[in-house]
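Report on the following structure.
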Amino acid sequence: MISKFKQFVFLIAVVVAAACSEEDEKLTVAVEDAPLLAQLDINRVALDQTNPGNPAVTFSWNKASYGLPTLVTYVVEFATEDSFENPVNALTTSNTEATLSVSALNNTANALGFVPFEWQQAYIRIKSSIGTQTSNVSYSEPIEININPYFSYPYDDYYLVGAATAADWNNDNNNPLLFRNAFNENEYTYTGRFLADAFKILINRGAWAPQYGQDGGSLVLRATDDDPDPPVITSETAGYRKFTVNFATGAFSFEDVAAVGDAFSSVSVVGDSGSTVELTPLAFDPHIWYVRSTQLQAGSISFLANGSTTYGGSTEFSGVATVDGGNIPIPVKDDYEIWFNDITGDYAMIPLNFSK
């Protein structure tokens, strides 16, 4: 009769052997066949911005084989070169077919740095892997596609209205623009003159909804005209103040600006994106400069202050310009609304035919 001690030793040996066997099995998992990406029926795709949800292109491929039954994850990768040094992941799936919508393919083209409205070549491959750590990676041979992407302006813009501001309670009175943080698309600021009075925030000039008021110290959205009108935001004091708002969290704050110098005598837009354009100061606050519409070519611009000092930046659509700060990129030809704050150097440029 086998003693309990010997039975215990035998059980340990069985468990250890089983564990070793399982480990050996893991080590034998290897790529036997990489995925095979089928050629496309068409290799030129012109993207139509009027139908962003429509299917643009469908990819299909043979399953990757790893010798053992296992769940395989596939990633559709795009790149500008067949070396795939900087690939863009367009889609992840466990299937062997994937369809990209017009907007998804356009976003991928934007991530690749493609120029809007021009034909450019991309390379596509399928990356396969197993496990949560994406081990045993294999790649299909790449195929080619030519894409003509459209331009997509991805940001929201907001405007001041109310007795504390330049526009008073007129929702279509050249309402001043809030300046978006180039590195945080949810944060906006406005540094300028406020009266000790009330105001709100509009999303579209000429419409009272959508609009933001406040309740309990946080922003409240009135989405439609049928929704209740939220309480006003109030500037408790008059003078030059910095208003900061985060539309993701609903938080907002005021900060008094202690020292404000003389306003610039002139501000103009210069650069290879078009002819020189003179900006106009607000009568309510001469530190805020604007032009409601001017055509710019794809290229770059800077701001010329007082006819002699150049202010520039590095971020498109919004940012903070500094003296000799470089050329501000203009990614696409369009009519632009432009704002510049000579207190802070904040600038904003809205492509009017592509904005929401």
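The values are calculated or read from the model by the stated rules, or taken from the named source; none is laboratory data. The structure displayed is predicted, hence computed values, not measured ones. Counting neighbours? That spans all protein chains shown, and the Cβs are built from the backbone with ideal geometry, glycine included. With ligands, DNA and RNA removed, areas are computed over all heavy atoms of the protein, side chains included. Shrake-Rupley method; radii C 1.70, N 1.55, O 1.52, S 1.80 Å.
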Applying the selection to segment 129-174, what residues are among the hydroxyl-bearing types (Ser, Thr, Tyr), farther than 30 Å from Lys63 by Cα and assigned to a loop (DSSP other than H, G, I, E, B)?
Tyr150, Ser152, Tyr153, Tyr155, Tyr158, Thr165
How about segment 302-335: which of its residues are open to solvent by less than 50 Å² (accessible area, probe 1.4 Å), of a type outside the set (S, T, N, Q) and either closer than 19 Å to Asn110 by Cβ or in contact with a helix residue (DSSP H, G or I) (Cβ under 8 Å, 6 or more places away or on another chain) (or both)?
Phe317, Gly319, Ile328, Pro329, Ile330, Pro331, Val332, Asp334
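So, in segment 80-115, of the ones that are in a strand (DSSP E or B) and either hydrophobic (A, V, I, L, M, F, W, C) or under 17 Å from the mean Cα position of the chain (by Cα) (or both), which residue ends up surrounded by the most Cβ atoms within 10 Å (Cβ to Cβ)?
Among those that are in a strand (DSSP E or B) and either hydrophobic (A, V, I, L, M, F, W, C) or under 17 Å from the mean Cα position of the chain (by Cα) (or both), it is Ala90.
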Out of Leu40, Leu68, which single residue is over 30 Å from Ile147 (Cβ atoms), part of a loop (DSSP other than H, G, I, E, B) and either modelled with pLDDT of 95 or more or open to solvent by less than 90 Å² (accessible area, probe 1.4 Å) (or both)?
Leu68
Taking Arg193 as meeting all but one of (1) assigned to a strand (DSSP E or B); (2) open to solvent by less than 50 Å² (accessible area, probe 1.4 Å), write down the number of the exception.
(2)
Tell me, which residue of segment 116-140 that is among the charged types (D, E, K, R) and more than 15 Å from Asn43 (Cβ to Cβ) is surrounded by the most Cβ atoms within 10 Å (Cβ to Cβ)?
Lys127
So Ile343 passes all but one of these: (1) open to solvent by less than 10 Å² (accessible area, probe 1.4 Å); (2) under 18 Å from Thr191 (Cα atoms); (3) assigned to a loop (DSSP other than H, G, I, E, B). Which condition number does it fail?
(1)
Within segment 266-290, can you find the residues that are assigned to a strand (DSSP E or B) and farther than 15 Å from Leu178 by Cα?
Val267, Ser268, Val269, Val270, Gly271, Val277, Glu278, Thr280, Pro281
Given (1) without any contact (Cβ under 8 Å) to a residue 60 or more places away in the chain; (2) assigned to a loop (DSSP other than H, G, I, E, B); (3) open to solvent by less than 50 Å² (accessible area, probe 1.4 Å), where does Arg241 come up short, assuming only one miss?
(2)
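For Glu77, indicate whether it is charged (D, E, K, R) and either assigned to a helix (DSSP H, G or I) or modelled with pLDDT under 95 (or both).
Here the answer is no, as Glu77 does not meet what is asked.
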